[in-house]
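Q: Pasting a structure here, questions to come.
The numbers here are math on the coordinates, done by the rules we state, and not lab data. This one's a predicted model, so the numbers in the text were calculated from it and none came from an experiment. Note that we place each Cβ from the backbone using ideal geometry, even for glycine, and neighbour counts take in every protein chain shown.
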Amino acid sequence: MTELMWAAQLVSPRQPLSVTRVPVPRPGPGELLLKLESSGICHTDLHVADGQSVGAGAPHPLTLGHEGIGRVVEKGPGTITEIGSRLGAPWLHDSCEHCRSCLTGWESYCPTHRAHGFNVNGSFAEYVIVQERYAAVIPDGIASLPAAPLMCAGVTAYGGVMKAELAPGKVCVIIGSGGLGQYGIQLAKLTGATVVAVDTNPVKLGEARALGADECLLADAAADGVRALGGADAVLNFAPSNRIWPMVTAMVNNFAMIISVAMVAEPVPLVLEWLTANGCRITGTSVGTRQQMQDFLALARKHRIGIDIEPVALKEVNAAMERLARGDVKGRFVIDFDLAG
């Protein structure tokens, strides 16, 4: 095996990633080495690159990426996975396995969990180390390029939809029809709920319609439009902005579920009297557990859940991240390691 690999590493915040040759890592006990075929590019990668999010104990420089798909080429001691198996390197690298979150089935909320491309080196590289017990088994029938964003964007949307308690007859509003929201639309449709897509961009709403949204509304008229449909029983926010809050409060029914999926750092003006009067429940969702990942991948295979993928070469990662920051992508960017760039 070659001793060096290409990797895109964060050397300094708010600076382009350094695409350089680094040593190929070697797997330790319980670890596997994957030769990557694809890796999605996520908004969280932008937060890490900008210095907005800093992982505890992260190496310096740090290889970004947490949506990798690859095949096992080397096994550490104590592992049983066969060479050649196709696995995913998701956000969750490992967790403590003994805190309350871990023991109650919510390991993605473990306060000391480690993440690829955040606490440990990630999948913007030709090879990546995964913990065998946390790696995702990729079902046959899902190709490696469309599988990559399922490792974070897809399972995050799945976790949000599961919390929404949707059912036939309910109205579900999806705010933000970018890549993450597009997964949410498809998953919400499977529940039998009426799905309403909301966005500021008519082009994004066209994508939402093509993916099965029952109604598509521009944001400035969304509250009235949703009320005309009977009001929202669930609202999932995939838009990275706190400006959606007045719209949300104007469209929800009593006892609605309001779920924050996008990472929004700015506060919203929550009036407790309003909350007391309507009984709405407000919560968030954070990627997914291993069980959620397994369930979601089976669902994605069965129902062919996916969005538009734009392949890029590893050496084009900085240009792709700049476009992602501008919102200049139809679905999701995915690094294709077969492309030379």
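Q: Please compute the alpha carbon radius of gyration of region 155-284, then divide it by the globular-protein estimate 2.2 N^0.38 Å. Two decimals is fine.
A: For region 155-284, the normalised Cα radius of gyration is 0.93.
Q: Distance from the Cα centre of region 264-304 to that of region 202-230, in angstrom?
A: The distance from the Cα centre of region 264-304 to that of region 202-230 comes to 20 Å.
Q: Mind pulling the angle between the C-alpha long axis of helix 290-303 and the longest principal axis of the chain? Nearest 10 degrees, somewhere in 0 to 90.
A: With both axes taken from Cα atoms, the answer is about 70 degrees.
Q: Out of Thr276, Trp91, Met5, whose Cα points farthest toward the positive end of the dipole of the chain (charges: +1 Lys, Arg; -1 Asp, Glu; placed on Cβ)?
A: Thr276
Q: Something else now. Using the C-alpha atoms of region 1-43, what convex hull volume per residue, in cubic angstrom, is computed?
A: Per residue, the Cα convex hull of region 1-43 comes to 124 Å³.
Q: Hey, can you rank 214-225, 116-127 by average C-beta count inside 10 Å, highest first?
A: 116-127, 214-225
Q: Which of the peptides 70-83, 43-56 is most tightly packed, and how do the rest follow, judged by the mean count of other Cβ atoms within 10 Å per residue?
A: Working: 70-83: 14.9, 43-56: 17.1.
Answer by packing, highest mean first, reads 43-56, 70-83.
Q: On C-alpha positions alone, give me the angle between the axis of helix 317-326 and the longest principal axis of the chain, in degrees, nearest 10.
A: 10
Q: What is the Cα coordinate range of the chain on the first, second and third principal axes, sorted by size from largest, in whole angstrom?
A: Taking max minus min along each principal axis of the Cα atoms, the chain gives 62, 41, 37 Å.
Q: Follow-up. From zero outward in steps of 10 Å, how is the percent of C-alpha pairs of region 1-100 spread across the bins?
A: 13, 41, 35, 10, 0
Q: So how many Lys-Lys pairs in the chain land under 15 Å Cα to Cα, not counting same-chain pairs under 8 apart?
A: Taking the chain as the scope, the lysine pair count is 5.
Q: Do the sum for the chain: with -39,500 (n - 2.57) for every DSSP H run of n ≥ 4, divided by all residues, what is the mean residue ellipticity at 222 nm, to the nearest 500 deg cm²/dmol?
A: Result for the chain: -7500 deg cm²/dmol, rounded to the nearest 500.
Q: Here's another thing I want to ask about it. Select from Ala228, Ala325, Ala262 the residue whose mean-square fluctuation is largest in a Gaussian network model of the chain (Cα-Cα springs shorter than 10 Å).
A: Ala228
Q: Now a separate question. Would you mind working out the magnitude of the charge dipole of region 184-331 relative to its Cα centre, with +1 at each Lys and Arg C-beta and -1 at each Asp and Glu C-beta, to the nearest 20 Debye?
A: Numbers: 14 positive and 15 negative charges, 97 e Å.
It works out to roughly 460 debye.
Q: I would also like to ask the following. May I ask for the net charge around Leu270, where only other residues with Cβ less than 15 Å from the Cβ of Leu270 are counted and Lys, Arg are +1 while Asp, Glu are -1? Please report the intermediate quantities before stating the final value.
A: Working: positive: Arg243, Arg281; negative: Glu266, Glu273.
Every neighbour counted, the sum reads 0.
Q: By how many nm would the segment from Arg243 to Leu270 lengthen if fully extended, with 0.36 nm per residue of separation less the alpha-carbon distance?
A: The Arg243-Leu270 span can extend by a further 8.5 nm.
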